[in-house]
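Worksheet: one structure, shown below.
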Amino acid sequence: MANSVLPQQAATSSESQPRERIRRLVWKIAIATLILMAVGSATRVMNAGLACPDWPLCYGQLVPSQQMNLQVFLEWFHRLDAALIGLSAIALAGLSWWYRRSLPAWLPWASTFALFLIVFQGVLGGLTVTQLLRFDIVTAHLGTALLFFITLLVIGVALMPYQGTGATGKLGWVSLTAAILVYIQSLLGALVGSSWAVHQCFGASQLCAVMNSHIAGVVPASIGTLAVVIMAWRTPALHPLLRKLANIAGGLLVLQIVLGIATFRLHLQVEPLTVSHQAVGATLLGSLVMFTVLAFRDRAQGYNYQAYNSVDESKTNLSEVPKLFS
């Protein structure tokens, strides 16, 4: 009996190794992407977007040692981080397809989508320089980075070992709505920053409409996030991890509003505030995305548990139970 169990345990262990390796790689890329977006924000607010006048090299060199100053370093490091993330995305897609037999069927396709996003992001990065920081390209550049970040978080959370309580109800849909609203608000914020609308808003101009849209967008994004937090507090049986993510989202929302007011009042003149505002916004979005994925996983597990109980209570042959989950 023991001899028959050991091979099964060895097979399970060998199958879980690629999954765990890919999960660790995904989290590392996600952290690097968050850093990349913060460096990109610093590059923009410090007017370093064209510090390297050519692309993909910088002054025709891999390392522009003679021209190196703070602005050149920011733009050069931004490109370096992006290149490393691109190589990591290639490795992620390659590993996912290589080990596809022992991985969820959706993972290779999700990894391929992430690779597509990072390639498209690289194209936008080049256009950002060659088109002299055109505001629409800069906004699309950040929007694609956020979408890549979201994709990584969905993959990482979906691969996490998790046993829910089945008590989420409609929380998944509420948090998904909140995440979408925060994403739209992030795009509006990028548009405000890339067009310098805070500095050039006079009267009823188009830039004033851009800035006012971002200010007005605070309301629905905040209501959506607060709804997640309140509903989590009012759900006693909620999984502790979901409750923790909801509390984190609530704290980040308060911090983001404070940073937004300070950034607006100081007209983007204090670079650390502006960079922190963008980074906290991305982190808030990430926390809502993670909550959403776990909430839907929790809900699905609750349905499976109810289906199992209904089969057990009707005294159906247990050999038919797996059909419910196939």
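Only one residue in ARG101, ARG79 is out of contact with any Asp or Glu (no Cβ under 6 Å at 6 or more places or on another chain) and without any contact (Cβ under 8 Å) to a residue 24 or more places away in the chain. Which one?
Step by step, each of ARG101, ARG79 is checked, and only ARG101 is out of contact with any Asp or Glu (no Cβ under 6 Å at 6 or more places or on another chain) and without any contact (Cβ under 8 Å) to a residue 24 or more places away in the chain.
Scanning the range 21-64 for residues that are without any contact (Cβ under 8 Å) to a residue 12 or more places away in the chain and of a type in the set (S, T, N, Q) returns a single hit, GLN61.
Filtering the range 258-278 for residues that are at pLDDT below 85, hydroxyl-bearing (Ser, Thr, Tyr) and loosely packed, with under 15 Cβ neighbours inside 10 Å leaves an empty set.
For the subset of the range 62-78 comprising residues that are closer than 22 Å to SER41 by Cβ and aliphatic (A, V, I, L, M), which member is least open to solvent (accessible area, probe 1.4 Å)? Only one residue fits best here, namely VAL72.
Residues that are in contact (Cβ under 8 Å) with a residue 60 or more places away in the chain, buried (at least 16 other Cβ atoms within 10 Å of the Cβ) and not in a helix (DSSP H, G or I) occur in the range 138-160; there is at least one. Inspect the range 106-113 for any residue being over 26 Å from HIS277 (Cβ atoms), open to solvent by 70 Å² or more (accessible area, probe 1.4 Å), in a loop (DSSP other than H, G, I, E, B) and not aliphatic (A, V, I, L, M) and give the result as yes or no. For the range 106-113, residues over 26 Å from HIS277 (Cβ atoms), open to solvent by 70 Å² or more (accessible area, probe 1.4 Å), in a loop (DSSP other than H, G, I, E, B) and not aliphatic (A, V, I, L, M): present.
The values are calculated or read from the model by the stated rules, or taken from the named source; none is laboratory data. Not measured: the values here are computed from a predicted model. Virtual Cβ from ideal backbone geometry, glycine too; neighbours counted across all protein chains shown. We work out accessible area using only protein heavy atoms, side chains counted, and drop any ligands, DNA or RNA first. Shrake-Rupley method; radii C 1.70, N 1.55, O 1.52, S 1.80 Å.
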